[in-house]
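Right, one structure below, let's go through it.
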Ligand code: FES
C-alpha cells in the first residue's frame, strides 16, 4: 500500500495523513485516530484498514 493512497474515501484521508497523526500525537486508540483525522467517521467501511494502520504504526 503506498502511503499517499486514500484509505478513507468518505473523508478523503490518506494513509500518510493517518500515520502522521498517529506518530505526532502518540495515538494508540482507534477513536483518537477518528477524532484527529476524521477518517472512519462516515460510512465506517474503512475501520478495519484504520485498525491495521494503527497496529502497523504503533508496533
Ligand atoms: S471510507 Fe472511511 S468512513 Fe467511509
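A short reminder: the numbers here are calculations on the coordinates, not readings from a lab. The structure displayed is predicted, hence computed values, not measured ones. For neighbour counting, all protein chains shown are included, and Cβ atoms are generated from backbone atoms with ideal geometry for every residue, glycine included.
Label 7 Å along Cα→Cβ of residue 9; the range 33-52 residues with amide nitrogen under 17 Å?
Answer for this model: 39-50.
Could you work out how far apart the two model spin labels at residue 25 and residue 51 are, taking each label as a point 7 Å from the Cα in the direction of the beta carbon, and quote it in nm?
2.0 nm
What value, in deg cm²/dmol to 500, does the helix sum -39500 (n - 2.57) over DSSP H runs of n ≥ 4 give at 222 nm once divided by the residues of the chain?
-15500 deg cm²/dmol
Could you work out the mean projected area of the convex hull around the alpha carbons of the range 6-58, in square nanometres to one decimal?
2.8 nm²
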